[in-house]
1. Measure out, as a whole number of angstrom, how far apart the alpha-carbon centroids of segment 35-75 and segment 150-185 sit.
2. Name the residue, out of 165, 185, 62, whose mean-square fluctuation peaks in a Gaussian network model built on the chain with Cα pairs under 10 Å.
3. With the Cα gyration tensor of segment 143-231 giving a ≥ b ≥ c as the square roots of its eigenvalues, does the rule (a/c under 1.5 for rounded; else a/b larger than b/c for prolate; else oblate) give rounded, prolate or oblate?
4. Within segment 104-148, what residues put their amide N at less than 12 Å from the label point 7 Å along the Cα-to-Cβ vector of residue 40?
5. In Å, the Kirkwood hydrodynamic radius of segment 31-122 over pairs of distinct alpha carbons?
6. For Rg and Dmax of the Cα atoms in Å, the listed values are (i) 16.5, 47; (ii) 19.6, 61; (iii) 19.8, 67; which was obtained by calculation from the structure presented?
7. What FRET efficiency comes out for the pair residue 226/residue 15, r = Cβ-Cβ distance, R0 = 22 Å, nearest 0.05?
8. Using a simple spin-label model with points 7 Å from Cα along the Cα→Cβ vector, what separation in nm is obtained for residue 110 and residue 66?
């Protein structure tokens, strides 16, 4: 059962915010473009046999040397009239555990704001897309990559200074992932002193601005829309 401790209260705050919150996404787009132009990020497609730290097992499945993140395995499907064909085989990504997708919110004299993160992914068009405050698999949270801890986890997992608006598990896209579920969370920030993360790649945006961003090509990533839908 989804947790929705402060959901009705937060919906009331969103309704009150509509009259005063900014609606023009231009400042956000300009901020994103400035960051996109200033960072160095290059990606290209290579053969699977060239991918460092990933290998095939005796069945041909692809996995990371740590045993974490996802695996690429095969799925065989049989269907009785609910899809275009009766049976098919396909590769699919499997993962022992899912991830955390979280949006942090606050209220100022400009209404309710959500904290977007400019996220660079190798498959992004124009490198940077605006994503939720936290977008992380549990493998990343456990630092299986031996790199930095994902930002803003200190807010989502804080024991004081925040309140959970809602928390629910959402199934990942089932055509690519095998029975993977992500924890979707909206957290309201009562005390900004909880934040320890460098805010360079983060931007506070109103819901009206986010809706406008959703009408702009290749700027907003799909997780933002998934998290905000229950509001």
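1. So the two Cα centres are separated by 24 Å.
2. The residue that fluctuates most here is 62.
3. Details: a/c = 1.43, a/b = 1.15, b/c = 1.24.
It comes out rounded by the Cα gyration axes.
4. Within reach of a label on residue 40: no residues.
5. 18.1 Å is the Kirkwood radius here.
6. Recomputing Rg and Dmax of the Cα atoms in Å here gives the entry labelled (ii).
7. Working: r = 21 Å, r/R0 = 0.98.
So, using R0 = 22 Å, E works out to roughly 0.55.
8. Taking the two extended label points, one gets 3.6 nm.
Computed from the coordinates by the stated procedures, all read-outs in this text should not be read as laboratory data. The shown structure was predicted, so the numbers you read here are calculated from the model rather than taken from an experiment. Virtual Cβ from ideal backbone geometry, glycine too; neighbours counted across all protein chains shown.
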